[in-house]
Amino acid sequence: MEKNLKNVLVISFGFLLLFTAYGGLQSLQSSLNSEEGLGVASLSVLYAALIISSMFLPPILIKKLGCKWTIAGSMCCYIAFSLGNFYASWYTLIPTSVILGLGGAPLWSAKCTYLTIAGNSYAEKAGKIAKDIINQYFGVFFLIFQSSGIWGNLISSLILSQSSNKAEISEENLACCGAYDCMSDTTNTTASAGPSKSLVYTLLGIYTASGVLAVLLIVIFLDQIKSDQAETEKEIQKTPSFWSTFLATFQHLKDKRQCLLIPLTMYSGFEQGFLAGDYTKTYVTCALGIHYVGYVMICFSAVNSLCSLLFGKISQFTGRKLLFALATVTNTASIIALLLWKPHPNQRVVFFIFPALWGVSDSIWQTQTNGLYGVLFEKHTEAAFANYRLWESCGFVIAFAYSTKLQVYIKLYILLAVLVLSMVTYGVVEYLEAKNSPGTPAATKKENGGPHTQETCM
């Protein structure tokens with residue numbers, strides 16, 4: 001096997017093992033650690049730390065440690081989060097969430113840098129186009145990595161379904177499930193939703209072991225890529241300093257289109273946060289039991305992956321407007337249905353319909369919003385995608401922060417309001433693009449030297 005491809009596979013399976021653990025654990029946080037909202041508070045802190053980390057840590061660590069050891073060290077931050085769950089309290093889970101958040105950005109940056117250097121190295125030796133090789137390497141990575149959501153949730157469901165505490169959930173407890181929840185720890189008091197400590201420790205043990213295996217795989221089998229340090233230093237030299245990156249991110253808000261896309265970008269964080277933090281707890285765990293959370297999230301992950309592939313292919317024929325309209329209708333219908341539906345164990349199929357529909361719409365939000373940023377801000381991609389990560393993470397932080405403070409129906413109304421606002425501001429962006437596209441009177445006037453004023457929102 002070609003050496004660079006071997007390294008790509010090592011990284012891919014390392015990430016698969018690591019995120020099999022983290023993905024499954026994230027889905028369970030709101031149900032497993034529901035007391036005083038500890039689980040969702042930890043996720044909120046995690047994403048806040050990730051925002052800070054992404055602004056300055058990656059270039060510093062990659063320059064000092066190189067890609068291999070940055071990946072290995074960052075993976076240890078994820079293991080710390082798994083260990084913090086063994087004795088979940090405000091004194092263990094919040095600090096380990098900060099540690100994970102700080103390690104998240106360097107992990108992904110080092111992975112991207114390593115695959116890019118590996119692709120360039122092989123392309124130079126083989127006399128091939130570097131861009132094509134790099135795309136192939138990233139394709140292999142995501143093909144393997146994307147399945148982590150399935151394996152992590154499958155493990156949690158198989159382990160937690162062994163609980164001997166299963167019992168019929170009373171109608172009184174069922175009344176506290178759904179949009180008009182009772183704002184209590186019903187999910188912990190129902191017999192069906194309380195797995196024994198031994199099962200929880202078994203699950204956490206498997207997740208921790210999976211993370212440790214990921215680190216060992218990287219440390220033992222991943223090569224310190226040839227000229228890794230030299231190439232990395234070149235990359236870092238090209239990378240703007242923290243302050244210049246920070247300033248460029250916010251200077252990009254002078255572009256009115258970027259300002260108008262903030263609600264849409266934040267909505268991506270809101271809707272993902274609702275599914276992971278509220279739907280899993282107040283609908284699934286409350287009415288069926290915690291052991292069903294994994295199966296439901298597998299449904300979401302599978303549909304999301306398939307639709308991402310599908311919509312990525314058909315978008316060239318349908319255009320993004322039609323796909324955004326489909327996502328809006330699907331999400332709106334789901335939100336209204338969740339407001340009206342009273343979850344009951346006898347309607348088991350319905351519990352899987354909602355994450356399937358959510359997967360359809362989320363695949364559009366992810367693929368088309370990223371594509372939209374790439375098209376609109378082709379000359380300022382770094383600042384644009386920095387804004388994307390910033391505002392999406394802000395959506396996650398806010399969604400998890402108010403998760404324990406508001407009833408679910410209020411959160412659904414907030415979700416619906418943000419969605420409507422997102423589509424209005426997105427519509428304005430499309431209008432501005434149509435007005436300024438070649439061939440329109442306004443655009444022709446600009447091209448012919450007519451008056452033009454820069455639109456700003458800062």
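Residues are listed down the side, and each one gets a yes or a no for (1) in a helix (DSSP H, G or I); (2) not basic (Lys, Arg):
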residue: 371; (1), (2): yes, yes
residue: 389; (1), (2): yes, no
residue: 404; (1), (2): no, yes
residue: 412; (1), (2): yes, yes
If we keep only residues of region 67-98 that are among the polar types (S, T, N, Q) and crowded, with 17+ Cβ neighbours inside 10 Å, then the residue farthest from the chain's Cα centre (by Cα) is 92
Here the residues within region 277-311 that are under 15 Å from the mean Cα position of the chain (by Cα) and open to solvent by less than 10 Å² (accessible area, probe 1.4 Å) are 277
Any idea how many residues of region 237-267 are crowded, with 17+ Cβ neighbours inside 10 Å, modelled with pLDDT of 80 or more and part of a helix (DSSP H, G or I)? 11
In region 305-323, the residues that are in contact with a helix residue (DSSP H, G or I) (Cβ under 6 Å, 6 or more places away or on another chain) and within 18 Å of residue 265 (Cα to Cα): 308, 320, 323
From (1) surrounded by fewer than 21 Cβ atoms within 10 Å (Cβ to Cβ); (2) more than 30 Å from residue 359 (Cα to Cα); (3) of a type outside the set (A, V, I, L, M, F, W, C), pick out the condition that doesn't hold for residue 114. (1)
Please count how many residues of region 326-346 are in contact (Cβ under 8 Å) with a residue 40 or more places away in the chain and farther than 24 Å from residue 407 by Cβ. 2
May I ask you to verify whether residue 44 is part of a helix (DSSP H, G or I), open to solvent by less than 50 Å² (accessible area, probe 1.4 Å) and not aliphatic (A, V, I, L, M)? yes
Restricting attention to region 106-127, does a residue exist that is over 30 Å from residue 63 (Cα atoms) and modelled with pLDDT of 85 or more? no
Note down all Cβ pairs under 7 Å where the first residue falls in region 1-20 and is closer than 12 Å to residue 216 by Cα and assigned by the TED database to the domain that holds residue 78, the second is part of a helix (DSSP H, G or I) and open to solvent by 60 Å² or more (accessible area, probe 1.4 Å), and they're at least six residues apart or on different chains. 10/221; 17/213
Picking from 418, 375, 349, the residue that is touching a residue at least 40 places away in the same chain (Cβ under 8 Å) and of a type in the set (Val, Ile, Thr) would be 418
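The values are calculated or read from the model by the stated rules, or taken from the named source; none is laboratory data. This structure is a prediction, so every number in the text was calculated from the model and none was measured. With ideal geometry, Cβ positions are generated from the backbone for all residues, glycine too; neighbour counts draw on all protein chains shown. Just so you know, the surface numbers come from the protein's heavy atoms only, side chains and all, with ligands and any DNA or RNA stripped out. Shrake-Rupley method; radii C 1.70, N 1.55, O 1.52, S 1.80 Å.
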